[in-house]
Every structure is written in C-alpha cells, then in structure tokens.
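Bear in mind that the values in this text are calculations on the coordinates, not laboratory data. All values derive from a computational prediction rather than experimental measurement. Using ideal geometry, Cβ is built from the backbone for each residue, glycine included, and neighbour counts are taken over all protein chains shown.
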Amino acid sequence: SGSGTATGTATDTHCPYCALQCGMRLRPGAGAEPAEVLERPDFPVNRGALCGKGRTAAAVLRPGVRLTEPLVREDRGDRDSPLRPASWDEALDRVAAGLTRARRRHGDDAVGVFGGGGLTNEKAYLLGKFARVALRTPHIDYNGRFCMSSAAAAHRRAFGIDRGLPFPLADIAGTDCVILVGANPAETMPPALRYFRELRENGGRLIVVDPRRTRTAEQADLHLQPLPGSDLALALGLLHLLIADGRADKDFIARRTTGFAQARAAAMAHWPQRVERLTGVPMPQLAAAAAMFGEAPRGMVLTARGPEQQSKGTDTVSAWINLCLAAGKAGRPGSGYGCLTGQGNGQGGREHGQKADQLPGYRSITDPAARRHVASVWGVDPGALPGPGRSAYELLDSLGTDGGVRALLLMGSNPAVSAPRAAHVSERLRALDLLAVGDVVLSETARLADVVLPVTQWAEETGTTTNLEGRVILRRKAVDAPPGVRSDLAVLHGLAARLGVPEGFPEDPEEVFEELRRASAGGQADYAGISYGRIRAEDGVFWPCPAPDHPGTPRLFLDRFATPDGRARFAAVTHRPAAEEPDGPDGAYPLYLTTGRVVGQYQSGAQTRRVDELNRSAPGPFVEVHPVLARRLGVADGEPLAVTSRRGRAVAPARVTDTIRPDTVFMPFHWGGDGRANSLTNPALDPVSRMPEFKVCAVRVEPAAGE
Ligand code: SF4
C-alpha cells in the first residue's frame with residue numbers, strides 16, 4: 001500500500017458506502033485532476049470487484065460537490081433566512097451557545113445528538129461520549145436504529161450477542177442451502193453475489209423470500225413471494241412443516257438450545273393452510289422450501305431489511321432463527337443465522353455507544369458494572385452518566401416540543417429523507433431552537449439547519465469501520481481534504497472545549513481508537529487486542545479480540561453460544577398483522593406499499609445523487625406496479641402516479657412490471673421532494689428494537705396526470 005497523498009501514490013482503502021466495505025485503491029489526481037479508484041484484488045471480501053457506486057466514489061470528493069466552508073443561518077431567529085458562509089469559530093460558537101441556552105432554559109434533557117451508521121468507529125464512540133460527558137444528555141441515537149436494530153435484538157435474544165454475520169461471508173459459498181429473507185444483494189451489494197453464485201456452482205440451493213421478484217430472486221432455485229409483513233407467519237409455517245416432516249434435529253436441540261417446547265407449540269398452531277392464507281405463498285412452495293432446507297446437511301438463513309423493518313421485526317427475525325436452530329443449522333461450520341447489515345459501518349456503528357440504550361463494547365447502559373467500567377475509562381463518576389434516552393424516531397418526534405429536545409447536533413444522517421413519516425420529521429427539525437448538522441454535502445436535512453459544519457469524508461481521513469462480518473478494517477487517508485473542512489473528531493473537540501470540557505476529546509483517530517479499545521475491553525464487542533498496526537498487517541481483524549496475541553474470531557458459537565448457559569434460546573413467537581393493513585378493495589387504502597433500494601443509489605442519496613454516472617443509471621424515484629393494477633388504474637409505464645398513505649403523498653412515474661405482486665406497490669427511498677417514499681411510511685415501532693415499520697403500510701394509488 002502507498003502512503004503519499006501529494007505524490008500520486010495509490011493507497012489501500014475502502015469504499016465509503018455499504019456494509020461490505022469493499023477494498024479499493026485510491027490514487028489522487030495530479031493538480032486539479034480527480035482522484036481515481038483502482039481495484040484491490042487482494043482484499044478478501046470483494047476480491048477486486050466493485051459496484052458502480054464504489055467505482056465512482058471519487059466523484060464525491062470533488063470541491064464542487066461537497067461543502068468546503070461552514071454555513072450559518074443569516075438571521076438567527078428566522079429559519080427561512082438564507083444560509084451564509086461563516087468562519088469555523090463563528091459556526092462552533094453558535095452551536096455551543098445554542099446547546100448551552102437550551103440546557104440552561106430546559107435542562108440537560110433538552111439537548112440531543114443524532115448519529116449515523118456510516119460514521120467510523122472512532123466517530124461513533126466519541127459522539128456517544130460527547131453526548132453523555134460533554135452534554136450530559138441521555139438523548140443520543142442514530143439512523144442505525146432504522147437499519148438492523150431488529151436483527152440485533154433477535155440476535156441477542158437467541159445467541160446472547162449480536163454480530164451481523166457470525167461467520168465470514170465466504171462461508172456462504174460452502175454451505176448447502178441458503179434462505180435469503182427480504183434481502184436483495186444484487187442491488188444493494190453486488191460483489192457479494194459471487195458467494196451465492198459459487199454456492200450454486202457447488203451444488204447448493206438458494207431460496208429467496210421477497211414480495212418482489214428481484215434480480216436476486218431471479219437467481220434462486222425457489223422464490224417465495226409473500227405478502228409484505230407476513231414473513232413471521234412464513235417462518236412459523238416452515239418450522240411447522242420441518243417438525244411435522246420429522247426433520248428437526250433432536251440431538252442438536254437437546255444439546256445446544258433451550259426453549260424448544262414453547263417455540264414448537266407456537267409453530268404447530270400455524271397450520272400450513274393458515275400460513276398459506278396469511279402469506280399468499282402456495283402450499284406446494286411452502287413444502288418445497290421446508291424440504292429443501294430441512295434436507296440440506298448444512299444451511300444458513302440470512303435476513304435483511306425486509307423482515308427487520310417491521311413493527312414485529314424482532315419477533316420475525318426470532319422466527320427465522322428458530323427455524324435455523326430447529327434444523328440444527330447454527331453454531332457449526334457452514335451453518336448459521338446472519339443479518340446482511342446495510343450501512344457502511346452498520347456493525348461498528350452500533351457497538352461503541354451512539355445507541356440510546358448502550359455504552360461502548362455493546363454494554364447495556366443500565367448495567368451498573370458496565371457503567372462503572374466506562375465511567376472509569378472516561379474519568380467521570382458513574383452516577384454522572386445519564387441513563388437510556390429516546391430511540392431514533394421517538395427522539396425525532398420529540399424535537400421542538402415541551403419536554404422534548406430543543407437543540408440537536410446531527411452528524412452523518414439525513415432523516416428529512418430517510419426517517420419514516422418524513423414530512424412530519426422535517427417539521428419537527430424545523431421546530432428546533434437549534435439544529436446543527438455535520439455533513440459532507442448540503443443534504444435535505446442540512447438545508448434545514450441553523451449551522452452546517454463541513455466535515456471530512458472517507459478517503460480524506462483515517463478511521464476504522466467494522467463490516468457486516470464483524471471484520472474491523474482501516475479506511476486509510478488517501479487524499480488531502482480541501483481547505484475549510486474539518487474532521488468530525490475536530491468538531492467534537494472544538495465543541496467540547498467550548499462547553500467547558502477541554503480534555504478527553506482527541507482529534508487524532510488513532511488516539512480515539514486506543515481509548516475505544518480500553519472502553520470495549522471485557523465487553524461483547526471486545527476490541528482490546530486490535531490496533532491500527534494489526535489491521536494493516538492482517539487486512540482486518542474479527543472481534544471479539546480480547547488481547548494483542550488473540551487471533552480474532554471469524555466464526556462465533558462453534559463451541560458455545562454467548563448466553564450464560566452457552567445454549568441458544570428459542571423464542572416462542574406468534575404471527576400478528578402489520579400495524580397497518582390495506583382496508584379492502586373498496587377501502588381508502590387498498591394496497592400494500594413496500595420500499596427498498598436500487599443499485600445506482602445509496603440510502604438517502606445524499607452522496608450518490610451527486611454523481612452523474614449514477615444519476616444516469618438511477619435518475620429518480622418510481623412506483624412499481626403490476627400490469628393488472630396498471631390496467632385497472634388506466635396508467636401506462638412512465639406516467640405519473642400519486643401514492644397516498646395516512647401520513648402523506650408522493651408522486652413518481654409508474655414502472656409497470658410483473659415482478660411485483662398485484663396487491664403491492666414498491667418505491668425506492670433514495671430521493672426527497674415529491675417522490676419521497678418516506679412521506680408515506682409508517683413510524684409504528686417494534687416494541688423491542690424500536691424499529692419503525694418501513695417495509696409495510698397501506699396506500700392508495702391514482703394517476704397523477706398533469707402534476
Ligand atoms: Fe461500495 Fe458496497 Fe458497492 Fe462494495 S458493494 S463497492 S462497499 S457500495
């Protein structure tokens with residue numbers, strides 16, 4: 001790997017976008033030339049392959065695309081006055097003054113912090129510390145709550161620990177049967193597809209569960225196309241069939257699990273005929289899937305946002321884990337349950353304390369021993385650490401209200417596009433006394449801010465992320481940031497000093513990482529043995545890694561699960577409907593809406609919508625409708641459709657396709673404005689994970705000619 005930035009030497013680094021964290025090389029351009037992304041075939045996860053987003057990632061580094069100076073609202077009291085350039089001192093002074101004013105007037109609970117799953121481990125860690133030590137507020141949460149929180153909760157419930165994949169991604173190629181539930185890696189992380197291809201080349205089977213016949217589903221041996229929100233019933237039906245067919249692994253269940261009797265009773269109450277009715281999946285397909293999975297010597301179930309982003313997401317994931325456990329397909333090589341996390345640091349972002357209920361090392365904020373440990377690393381009194389705060393949507397919903405958060409620091413997130421019921425969330429953001437946003441670009445959320453802080457991004461800084469496998473990797477600085485831009489760590493340092501906490505907020509990422517190691521030591525996500533030097537030498541280290549001479553842990557649970565008795569726990573879960581269901585053919589909201597991603601854009605699109613090449617492939621939002629529905633609506637491909645839910649309305653061209661169910665429409669969520677899918681989505685929360693129900697709500701669809 002190279003080291004120079006001015007010399008044009010290429011440096012090994014990682015893609016700024018999704019949780020695969022593909023390895024790449026970046027060569028800075030000479031003079032005003034743009035930097036160039038090069039392949040890095042030696043990185044084991046993607047072996048040189050990159051999707052279009054990774055290939056074009058250098059475009060976001062260009063000065064014309066990204067912010068290069070702080071902005072402040074011209075008239076402090078008028079949110080509609082224009083943003084104007086400001087010095088860093090003025091911008092940081094204004095943020096500190098706004099936070100201090102809110103605390104003085106309304107108490108410490110009136111300030112809040114909102115983070116992101118794309119922030120490096122160092123940033124996530126320091127942001128959590130900033131909230132609890134410098135602001136003394138319990139209210140910090142982040143957009144990862146909208147990503148994989150249900151899988152994390154179900155993981156902990158079953159296995160005692162949450163690591164998205166408890167095995168390396170490459171293990172997929174060597175198993176015998178994979179059930180992929182509500183996941184579409186062909187669009188979300190294309191280089192991962194090679195492992196599914198290799199699985200099938202090796203004679204393994206792929207079952208895809210998705211209401212849409214996605215590009216991923218097209219490669220499956222079997223595609224089950226259930227109603228949105230019925231994945232829990234589907235998993236129960238498959239477990240019922242597995243048990244009824246005598247394919248449950250009694251020996252494994254007896255030796256390595258607890259709670260099977262209750263889970264079995266719950267599943268046996270879900271007769272296949274009932275499951276067929278609840279899910280819309282025909283009996284023969286249910287039977288074929290149960291047999292395919294049950295007969296395979298080894299197998300995996302992998303979930304993504306489809307089953308997770310539901311108001312019963314935790315129970316839904318638990319039902320799929322139950323299936324794995326009953327089949328004896330967990331805790332042994334080539335088998336297991338895993339979650340394909342979405343955001344770049346979706347895994348690491350949830351480990352280091354930017355969650356409302358957790359401290360670094362994946363520790364519970366209500367655990368006295370955890371509080372004592374973290375407080376000692378931070379040099380504060382454990383009694384001074386706040387308790388749990390509001391979850392992401394509840395935090396956003398409280399903004400500007402009596403008893404809610406009045407001043408918010410938001411880093412690396414764009415909830416004006418990505419939160420459910422986004423129009424309401426935008427109103428709440430506007431109701432704040434102070435909104436300070438740290439970002440790379442002027443996102444829809446940054447446009448609402450009183451102060452915008454332009455921060456460094458991936459290739460302009462060094463920092464670690466933890467990919468979906470639990471592999472801690474190092475994004476290395478490959479180019480110099482433009483003048484006028486500061487790192488998020490420097491922003492926190494500057495703000496903490498202004499708030500009277502001059503110590504404990506270093507600007508140097510490696511110094512932060514060294515503290516993070518100590519804070520995580522002894523916790524579940526134990527980084528104590530990981531260092532920048534080791535990551536460089538080993539191309540990543542899997543946590544837990546409790547000591548410098550520990551090899552790291554690519555595969556979890558081979559001997560025991562991380563529960564007190566070492567056994568995995570079944571959960572007795574039963575079907576329940578989505579929080580909002582269509583109200584019948586003559587009702588006001590007769591159709592399902594589900595949302596998702598397209599390959600050419602990433603998340604709220606804040607970065608990727610600024611890349612010309614990506615915009616050519618994915619220029620704007622659309623509404624997928626089945627030809628039968630299109631005929632009934634009298635709409636042709638490309639004509640505008642209005643989609644209305646109880647929360648809002650969105651307008652986008654129809655995309656007529658028979659890959660979707662006739663009772664369901666689909667919208668990608670990468671855009672703001674009229675085509676904002678999240679204007680429609682339902683913030684009904686999962687009671688355990690506090691995940692909103694992005695993946696299913698009721699809508700009506702009408703032609704919107706002339707709009
Ligand atoms: Fe980047 Fe994900 Fe594409 Fe890899 S798959 S290049 S990490 S966006």
note = Of the candidates 648, 675, 601, the farthest towards the positive dipole end of the stretch 591-703 (Lys/Arg Cβ +1, Asp/Glu Cβ -1, centred on the Cα centre) is 648
message = Whole angstrom only: what separates the Cα centroid of the stretch 113-184 from the Cα centroid of the stretch 218-244?
response = 25
query = Given 41, 19, 30, which one lies farthest toward the positive end of the charge dipole of the stretch 11-61, if we put +1 on the Cβ of every Lys and Arg and -1 on the Cβ of every Asp and Glu?
reply = 19
inquiry  = Going Cα to Cα from residue 123, which lysines come in below 16 Å? Please leave out same-chain ones fewer than 8 positions away.
reply    = 355, 477
ask   = What do you get for Rg/Rh of the stretch 11-61 when both radii come from the Cα atoms and Rh is the Kirkwood radius?
value = 0.96
message = Let's see if you can work this out: charge +1 on each Lys and Arg Cβ, -1 on each Asp and Glu Cβ, no other charges. What is the dipole magnitude of the stretch 625-707 about its Cα centre, in debye to the nearest 20?
response = 220
inquiry  = Let me make sure I get this right: for the stretch 461-553, a, b and c are the square roots of the gyration tensor eigenvalues over alpha carbons, sorted descending. Under 1.5 in a/c it's rounded, otherwise prolate if a/b > b/c, else oblate. Which is it?
reply    = oblate
remark   = Given the candidates 334, 313, 275, the one whose Cα lies deepest towards the positive end of the charge dipole of the stretch 149-344, counting +1 at each Lys or Arg C-beta and -1 at each Asp or Glu C-beta, is 313
remark   = Computed, not fitted: 222 nm per-residue ellipticity of the chain from DSSP H runs ≥ 4 (each -39500 (n - 2.57)), nearest 500, equal to -8000 deg cm²/dmol
ask   = Once you charge only the Cβ atoms, +1 for Lys and Arg and -1 for Asp and Glu, what is the size of the charge dipole of the chain about its Cα centre, to the nearest 20 debye?
value = 1000
query = From largest to smallest, what semi-axes in whole angstrom does the stretch 364-443 give when each is the square root of 5 times an eigenvalue of its alpha carbon gyration tensor?
reply = 29, 15, 12
ask   = What are the semi-axes of the equivalent ellipsoid for the stretch 291-385, taken as the square roots of 5 times the Cα gyration tensor eigenvalues, largest first, in whole Å?
value = 35, 15, 12
ask   = Ranked from highest to lowest mean number of other Cβ atoms within 10 Å per residue, what is the order of the peptides 370-376, 588-594?
value = 588-594, 370-376
query = Averaged over all directions, how much area does the convex hull of the C-alpha atoms of the stretch 495-549 cover when projected, in nm²?
reply = 4.5
remark   = Yeah, the stretch 591-703 with a ≥ b ≥ c from its alpha-carbon gyration tensor (a/c under 1.5 is rounded, else prolate when a/b outruns b/c, oblate otherwise) is oblate
ask   = Out of every Cα pair in the stretch 32-79, what percent are spaced more than 15 Å from each other?
value = 64
task = Bin width 20 Å, alpha-carbon pairs only: give the P(r) of the chain as whole percents, running from 0 to the bin holding the largest distance.
result = 19, 54, 26, 1
key: For the stretch 165-287: rounded, prolate or oblate by the Cα gyration tensor [a/c cutoff 1.5]   = oblate
